[in-house]
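Please read the structure below before turning to the comments.
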Amino acid sequence: MLVTGATGRVGRVVIDQLLDAGVPVRALAHRSEMAATLPAKAQVFTGDLTVPESLDPALSGVGAVFLVWTAPPQTVAAVVERLASHARRIVFLSSPHRTPHPFFQQPNPMAVLHADIERLIADTGLESTIIRPGMLASNSLAWWAPAIRAAEVVRWPYGAAESAPVDERDVAAVAARALYQDGYVGGDYVLTGPESLTQAEQVDVIGDVLGRRIDFEEMTPDEFRSLSEGTAPSTVVDMLLSAWNAAVGQPAHVTTAVADILGTVPRTFREWAVDHAKAFTEGA
């Protein structure tokens with residue numbers, strides 16, 4: 001099995017899941033120095049999605065690929081063609097852009113890219129599984145952890161917007177299962193956590209886990225745009241703001257896909273926060 005995005009939040013855990021199941025794993029890293037962050041049992045290759053031929057050594061003899069697209073779109077077709085010439089199965093980490101919920105139906109350049117990759121994969125005729133996580137619980141580390149570590153007020157837009165944060169470990173477990181077990185070919189799974197929570201409620205959960213109150217203060221969309229300048233593309237910022245705005249007053253879309261596939265209920269946001277509490281109190 002070849003795992004792309006091997007050092008990412010989901011890919012890194014997919015590697016652990018496969019190794020725990022006794023499945024030989026190859027990890028694709030963008031830079032050679034990242035190999036030190038990966039398990040010793042994983043065979044590490046360097047490769048660049050923007051240079052399709054650089055993937056050939058990692059693909060030689062591979063049966064299945066976990067694909068996470070983290071590059072510009074120009075080389076998508078060439079990479080998918082290369083994957084198809086080596087592997088027989090692809091599990092693609094996509095997004096819930098087909099889900100008829102206002103949160104997922106805002107203009108989104110990433111959704112356009114994901115739809116194009118899905119079409120290219122389908123055209124190859126390969127065995128394929130599409131997994132579509134909603135909002136990852138770990139987003140809160142980037143969004144709110146700096147203020148929480150500094151004991152500051154969490155200022156954020158659309159505190160009343162609801163989502164169903166999914167634990168990346170559950171996403172990875174589903175991906176691993178689809179890679180090495182039969183029965184999931186052709187599957188298309190929207191993965192969510194088990195409960196709908198507003199963003200303000202998620203901050204409250206983190207505070208409760210840490211044993212202290214964390215004040216939440218509403219930020220205007222324009223303030224958020226200014227805060228995000230230079231750290232995220234304006235298209236991504238606009239997409240998030242539109243999605244959060246559309247989600248206000250709308251219970252989040254919640255699925256049973258994680259439980260259906262794994263046979264266990266998905267982790268709650270509170271469970272995720274308990275397991276990651278140190279990230280809100282120590283380090284960066």
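Hey, any hits in the range 137-148 for a residue that's farther than 19 Å from residue 193 by Cβ, out of contact with any Leu (no Cβ under 9 Å at 6 or more places or on another chain), buried (at least 20 other Cβ atoms within 10 Å of the Cβ) and in contact (Cβ under 8 Å) with a residue 12 or more places away in the chain?
No - not one qualifying residue is present in the range 137-148.
Given 122, 77, which one is out of contact with any Leu (no Cβ under 7 Å at 6 or more places or on another chain), at pLDDT 95 or above, over 22 Å from residue 266 (Cα atoms) and surrounded by fewer than 19 Cβ atoms within 10 Å (Cβ to Cβ)?
122
Given the conditions (1) more than 24 Å from residue 254 (Cα to Cα); (2) over 22 Å from the mean Cα position of the chain (by Cα); (3) surrounded by 14 or more Cβ atoms within 10 Å (Cβ to Cβ), report the number of the one that residue 180 does not fulfil.
Single failed check for residue 180: (2).
Select, from 28, 19, the only residue that is within 24 Å of residue 125 (Cβ to Cβ), of a type outside the set (Lys, Arg) and free of Cβ contacts under 8 Å to residues at least 60 places away in the same chain.
Result of the check over 28, 19: 28.
Could you identify the single residue in 157, 133 that is buried (at least 19 other Cβ atoms within 10 Å of the Cβ), more than 30 Å from residue 85 (Cα to Cα) and in contact with a Ser or Thr (Cβ under 9 Å, 6 or more places away or on another chain)?
From the options 157, 133, the qualifying one is 157.
Among the numbered criteria (1) without any contact (Cβ under 8 Å) to a residue 60 or more places away in the chain; (2) not in a helix (DSSP H, G or I), which one does residue 200 miss?
(2)
Identify, please: which residue in the range 37-69 is β-branched (Val, Ile, Thr) and closer than 19 Å to residue 176 by Cα and is, among those, surrounded by the fewest Cβ atoms within 10 Å (Cβ to Cβ)?
Result: 62.
Every residue, every condition in (1) outside any helix (DSSP H, G or I); (2) among the hydrophobic types (A, V, I, L, M, F, W, C); (3) under 21 Å from residue 237 (Cα atoms), yes or no:
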| residue | (1), (2), (3) |
| --- | --- |
| 56 | no, no, no |
| 79 | no, yes, no |
| 112 | no, yes, yes |
| 118 | no, no, no |
| 129 | yes, no, no |
| 132 | yes, no, yes |
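Since residue 124 meets every condition but one in (1) among the polar types (S, T, N, Q); (2) without any contact (Cβ under 8 Å) to a residue 40 or more places away in the chain; (3) over 24 Å from residue 253 (Cβ atoms), which condition does it not meet?
Status for residue 124: all satisfied but (2).
Taking into account only those residues within the range 228-284 that are in a loop (DSSP other than H, G, I, E, B) and of a type in the set (Gly, Ala, Ser), which is surrounded by the most Cβ atoms within 10 Å (Cβ to Cβ)?
Checking each candidate, the answer is 252.
Using the structure shown, decide if residue 106 is in a loop (DSSP other than H, G, I, E, B) and farther than 30 Å from residue 274 by Cα.
Yes.
Identify the residue in the range 158-189 that is aromatic (Phe, Trp, Tyr) and part of a loop (DSSP other than H, G, I, E, B) and, among all such residues, is nearest to residue 260 (Cα to Cα).
184
The values are calculated or read from the model by the stated rules, or taken from the named source; none is laboratory data. All values derive from a computational prediction rather than experimental measurement. Don't worry about glycine lacking a Cβ; one is built from the backbone with ideal geometry, like all the others, and counts go over all protein chains shown.
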